[in-house]
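Every number here is computed from the coordinates shown, using simple stated rules; none is lab data. The structure presented is a predicted model; accordingly, all values stated were derived computationally and were not measured. For neighbour counting, all protein chains shown are included, and Cβ atoms are generated from backbone atoms with ideal geometry for every residue, glycine included.
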Amino acid sequence: WDNADFSRGVGTTFYQEFRTLNTAKPPFVRDVEAKIRRYLRSSYSAAWTLKITWEKAPAYAARTDTWRTNTYQAVLTTDGSRSYVLMLYQEGGMQWDYTRLPATNALIGYT
């Protein structure tokens, strides 16, 4: 992820932890398990999941553009032996004006 800049009071970051070993699983965790099963064709039952959300995050430097923001999530999950990361982006993709970023080689995802 590029440098999000929260210094102008625009946007927020928050997280939610789900400990689900031997407990009832909330709908969000069941959805994560279903995605992993569907995409990887593997049985999976989460013991722990962490959802991190960057909401309405402006690009660095926020002093130049605070109205083009991005909302995205990273979901980390494990069953105790296998771990996965889901990277989820707002519908419509990258909203930052990459031509105004310090580096113009913006990438959604990871390498």
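Any idea how many residues of the range 16-59 are assigned to a loop (DSSP other than H, G, I, E, B) and under 21 Å from GLU91 (Cα atoms)? Break it down into steps so the answer makes sense when it comes.
Filtering the range 16-59 down to residues assigned to a loop (DSSP other than H, G, I, E, B) leaves 20-26, 41-47.
Those still in the list that are under 21 Å from GLU91 (Cα atoms) too: none.
The total comes to 0.
Quick check on my filter: what residues within the range 61-72 are among the polar types (S, T, N, Q) and surrounded by 14 or more Cβ atoms within 10 Å (Cβ to Cβ)?
So in the range 61-72, the residues among the polar types (S, T, N, Q) come out as 64, 66, 69-71.
THR66, THR69, ASN70, THR71 - these are the residues of the range 61-72 that are among the polar types (S, T, N, Q) and surrounded by 14 or more Cβ atoms within 10 Å (Cβ to Cβ).
Looking across the range 6-60, the residues that are buried (at least 18 other Cβ atoms within 10 Å of the Cβ) and touching a Lys or Arg at 6+ places or on another chain (Cβ under 8 Å) come down to GLY11, PHE18, GLU33, ALA46, PRO58, ALA59.
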